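The structure appears below as structure tokens.
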């Protein structure tokens with residue numbers, strides 16, 4: 001489906017004449033009702049007064065007014081099964097989380113310069129999920145802020161600036177995070193790789209530069225090469241940063257022992273290791289609470305994003321005592337809202353909901369069930385080139401002959417599934433990977449509905 005050109009019109013001082021009946025249905029040109037016209041007016045106002053770099057999902061955007069569990073609900077009352085919103089970690093508007101925030105908000109919200117029980121309670125329960133040496137927490141408001149702070153901490157600890165990151169990695173929207181995010185600076189609008197950033201190939205064993213089994217050493221060797229380049233310039237390594245499963249890269253599972261080798265050579269060079277758990281942490285992968293645990297490594301710094309607040313602006317950086325002490329060099333770190341009593345009450349309740357409602361176990365059970373279903377679909381529909389991921393962090397790649405990426409097919413699938421009441425999204429270098437990362441309350445019944453609708457769309461002429 002093609003995007004409607006009128007949504008991308010340029011505004012001038014003169015009013016733009018728009019035929020509203022042609023925007024959503026240019027073929028039938030039906031008369032639009034009052035609600036449809038209101039939607040178009042929202043779109044046009046956004047285009048004129050809200051930054052154009054803020055995108056809208058789907059060819060025909062949705063106006064979402066409510067969320068509940070695994071569903072988002074539009075202005076007409078229609079429910080959509082949400083398979084992509086990992087930020088609503090324990091379910092949209094989880095009653096316990098909402099109540100915890102409301103209760104504390106009605107009493108006090110202030111900063112961390114005052115003592116408060118909530119921050120202590122939250123830190124205690126959070127640190128119980130980590131290896132013993134990851135024992136110090138700093139609070140921020142987003143995954144971007146968490147990674148920004150992690151970079152500062154790494155530089156303070158090592159006295160170095162050079163960062164090693166993975167191709168197609170994305171770590172946030174601040175300037176420092178963009179500088180280490182190949183997903184941004186190597187694509188449209190990007191300025192290319194900065195001087196102090198060193199990118200290694202994405203370890204994609206399916207469609208990367210090395211394919212098949214036993215690719216670990218080949219991909220890890222590129223990290224050693226970058227360390228050599230840094231040293232030849234008379235500098236040292238500050239840090240290596242990686243997700244435990246690459247998200248924007250296309251739900252890429254890292255080869256076995258890749259992180260183990262990476263951490264070894266980086267630490268031998270004097271650098272520290274940062275695990276970006278913004279998307280994959282907090283039990284999402286099922287068989288472990290944190291993604292790095294699946295790789296049998298322990299990072300020096302871990303970053304956690306908004307899933308820990310179920311969408312509330314809460315994020316955390318957890319580090320070793322040594323890294324935290326090096327960062328405490330006399331310059332105060334103060335974050336007005338980071339660690340406030342309301343955020344900590346919400347974060348604490350999210351942790352308890354995950355534990356008490358068995359959501360990590362649910363991610364494992366339902367994720368395995370869904371992955372098996374996707375593999376069955378793969379046998380029926382050759383367009384599914386690969387199925388990958390862990391727990392409720394899955395992806396499947398759409399390919400033609402010789403693994404040719406089919407981004408246009410992915411775009412069709414996403415919009416068609418939306419018409420059928422299921423929200424999906426794509427990612428990867430060629431936008432041909434369908435990502436599945438729903439709220440952790442996603443059930444086998446939800447999985448069955450998803451698989452059934454996918455089968456229906458794959459049978460359509462355009463997808464064959």
**Message:** Sequence gap at least 6, Cα distance under 8 Å: using those rules, report the relative contact order of the chain to the nearest whole percent.
**Reply:** 20
**Fill in**
Scattering profile of region 158-212 from the Debye formula, Cα beads only, expressed as log10 I(q)/I(0) at q = 0.12, 0.16, 0.31 Å⁻¹, is -0.29, -0.50, -1.21
**Asked** If you count, for each residue, the other Cβ atoms within 10 Å and average over each peptide, how do 117-126, 453-462 line up from highest to lowest?
**Response** 117-126, 453-462
**Asked** For the peptides 300-307, 208-215, what is the packing order when you average, over each peptide's residues, the other Cβ atoms within 10 Å and list the highest mean first?
**Response** 300-307, 208-215
**Asked** Taking the simple approach of a point 7 Å from Cα along Cα-to-Cβ for both residue 462 and residue 420, what is their distance in nm?
**Response** 1.3
**Request:** Rounded to the nearest 0.05, what FRET efficiency do residue 196 and residue 125 give with R0 = 45 Å and r taken as the Cβ-Cβ distance? Could you check?
**Result:** 0.75
**Request:** Please find the FRET efficiency linking residue 287 to residue 443, where r is the Cβ-Cβ separation and R0 is fixed at 25 Å, and quote it to the nearest 0.05.
**Result:** 0.85
**Request:** Using DSSP, restrict attention to beta bridges with both residues in the chain and report what percent are antiparallel, rounded to the nearest 5.
**Result:** 65
**Complete:** To the nearest 0.05, the calculated FRET efficiency linking residue 232 and residue 334 through their beta-carbon distance, R0 being 35 Å, is 0.35
**Item:** Using alpha-carbon coordinates, inclination of helix 143-158 to the longest axis of the chain, degrees
**Value:** 20
**Request:** Please say if region 62-188 is rounded, prolate or oblate, where rounded means a/c under 1.5 for a ≥ b ≥ c the square roots of the C-alpha gyration tensor eigenvalues, and otherwise the choice is prolate for a/b larger than b/c and oblate otherwise?
**Result:** oblate
**Complete:** Placing each pseudo-label 7 Å from Cα in the direction of the beta carbon, residue 41 and residue 268 end up separated by a distance in nanometres of 6.6
**Fill in**
Taking 0.36 nm per residue of separation between residue 357 and residue 98 and subtracting their Cα-Cα distance, the length gained on full extension comes to 91.7 nm
**Asked** Hey, what's the Kirkwood Rh for region 194-325 if you take every pair of different alpha carbons, in angstrom?
**Response** 15.6
**Message:** Give me the three principal axis extents of region 275-373 from the C-alpha atoms, as integers in angstrom, largest value leading.
**Reply:** 54, 32, 19
**Message:** Taking a ≥ b ≥ c as the square roots of the Cα gyration tensor eigenvalues, with a/c under 1.5 meaning rounded and otherwise prolate when a/b beats b/c, else oblate, which class fits region 110-250?
**Reply:** prolate
**Request:** Please state, as a whole number in µm²/s, the translational diffusion coefficient that the Stokes-Einstein equation yields for region 318-464 at 20 °C and 1.002 mPa s, with Rh defined as the Kirkwood radius across alpha carbon pairs.
**Result:** 119
**Fill in**
Mean Cβ-within-10 Å packing, highest first, puts peptides 143-156, 93-106, 264-277, 231-244 in the order 143-156, 264-277, 231-244, 93-106
**Prompt:** Taking only Cα atoms, what is the 0 to 90° angle, nearest 10, from helix 34-49's long axis to the longest principal axis of the chain?
**Reply:** 40
**Asked** How big is the chain on each of its three principal axes, counting only the C-alpha atoms and giving the largest first in Å?
**Response** 66, 59, 52
**Interatomic Cα distance distribution for region 342-393, bins of 5 angstrom, percent** = 5, 18, 18, 15, 13, 10, 8, 7, 4, 2
**Request:** Could you let me know the centre-to-centre spacing of region 191-225 and region 392-437, using Cα atoms, in angstrom?
**Result:** 24
**Asked** At what distance in nm do the modelled label points of residue 209 and residue 48 sit from each other, each positioned 7 Å from its Cα along Cα→Cβ?
**Response** 4.9
**Request:** May I ask for the distance between the Cα centers of region 37-103 and region 329-351, given as a whole number of Å?
**Result:** 26
**Asked** Can you give the helix-only mean residue ellipticity at 222 nm for the chain, where every DSSP H stretch with n ≥ 4 adds -39500 (n - 2.57) and the sum goes over all residues, rounded to the nearest 500 deg cm²/dmol?
**Response** -11000 deg cm²/dmol
**Asked** How much length is gained if the chain between residue 109 and residue 33 is pulled fully straight, taking 0.36 nm per residue apart and subtracting their Cα-Cα distance, in nm to one decimal?
**Response** 23.0 nm
**Complete:** Helix 359-380: inclination vs the chain longest Cα principal axis, degrees, rounded to 10, gives 50
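Since every read-out is calculated from the coordinates, none of them should be taken as a lab result. Predicted model only: the values in this text are computed from it and were never measured. Virtual Cβ from ideal backbone geometry, glycine too; neighbours counted across all protein chains shown.
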